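Notes to accompany the following structure.
Quick note: the coordinates plus some simple rules give every number you see, no bench work behind them. In this text the structure is predicted, and so the values were computed from the model without any measurement. Glycine also receives a Cβ, built like all others from the backbone with ideal geometry; neighbour counts cover every protein chain displayed.
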Amino acid sequence: MSDPSSPLTGSIPLGAVLDLVAMQLEVAMQHAAAQAERLSGSVAEFSAIGERMRARLDVDHDPALATEISALEAEAHRAMNAMQFHDQLAQRVRHVREALADVHDELRTGGNPDWGALLSRMRAHYTMEDERRLFDSVLGDLAKLPRLPEQPRGAVRRDEDLMPGSVELF
Amino acid sequence: MNRTIMTVDDSTSMRQMVKATLQSAGYGVVEAADGQEALEYARQNSVDLVISDVNMPRMDGITLVGNLRTLPTYRLTPLLLLTTESSHEKKLEGKRAGATGWIVKPFNPAQLLATLQKLL
């Protein structure tokens, strides 16, 4: 229950709340970045150890060890793939922070917010298709912006050249 | 001959992953944290291939590609963009700037190495 003597009664300093949320996100990401760098450094070292072991290996003499080294290298490659989650996470959080900053700036003007322009700016921050899809599903009707086409469950994607991991040479 | 590849990304962990992948295949690796740093290096040195992120502070990857293509040394160098960016418009922008290819993160190390083999 709120304290009736609180200076906040009846109003919420929304700008300050948005600032706080943005700061909390920033601190969390700084902590995560340090750990992610440590982890990715370890994964890179596992890969390098595998390479050094293979260079010294006599495959004919020790085929079992050769199999183990191959397994180590394959595992290091899988870990390298998975470790890229941090880069994506950092970008997603940055886009959220940018969207919060847009809302904050709009509120600071004090006038009637131009919600259409604000939503358009928010959507423009997103670089990943699933970010845009989520925005469209939640705010697409309000934003009145061109939306990504609906994707029925189990549908085969036609734009496979933009799927994670895809490679296209021009 | 030992080939040298420049990896450009503002994420340290991404650079580490790309570097480890490339070194495991015997490539030499040069790192840059954004397009500006990469361009400054490229003005003084040549590399055999560039792998660059798109969204970076100071200079983005598409601007970097455009600038590299103006340098005589980099006119024919393969320039790959490695990005989370999934809009066709951005990809087209990269192609128009002179990029050789577009890879969507997260990259698969074996697939990346196979792509490099085709280009080098």
Residue-ordered couplings for region A:50-55, obtained by feeding phi - 60° into the Karplus form 6.51 cos²θ - 1.76 cosθ + 1.60 and rounding to whole Hz (Gly and Pro as x), are x, 5, 5, 5, 5, 5
Cα gyration tensor shape of chain B, rounded if a/c is under 1.5, else prolate or oblate by comparing a/b with b/c = rounded
Please give the calculated 222 nm ellipticity per residue for the protein assembly as shown, where each DSSP H segment of at least 4 residues contributes -39500 (n - 2.57) and the sum is spread over every residue; nearest 500 deg cm²/dmol?
-> -19000 deg cm²/dmol
Karplus-derived 3J(HN,Hα), 6.51/-1.76/1.60, for each residue of region A:21-34, Hz, glycine and proline x | 4, 4, 5, 4, 4, 4, 5, 4, 6, 5, 4, 5, 4, 4
How would you rank A:Asp114, B:Asp48, going from fewest to most other Cβ atoms within 10 Å of each one's own Cβ?
-> A:Asp114, B:Asp48
Can you give the convex hull volume of the alpha carbon atoms of region A:13-86 per residue, in Å³?
-> 64
Ascending count of other beta-carbon atoms within 10 Å, so fewest first, for A:Phe170, A:Phe46 | A:Phe170, A:Phe46
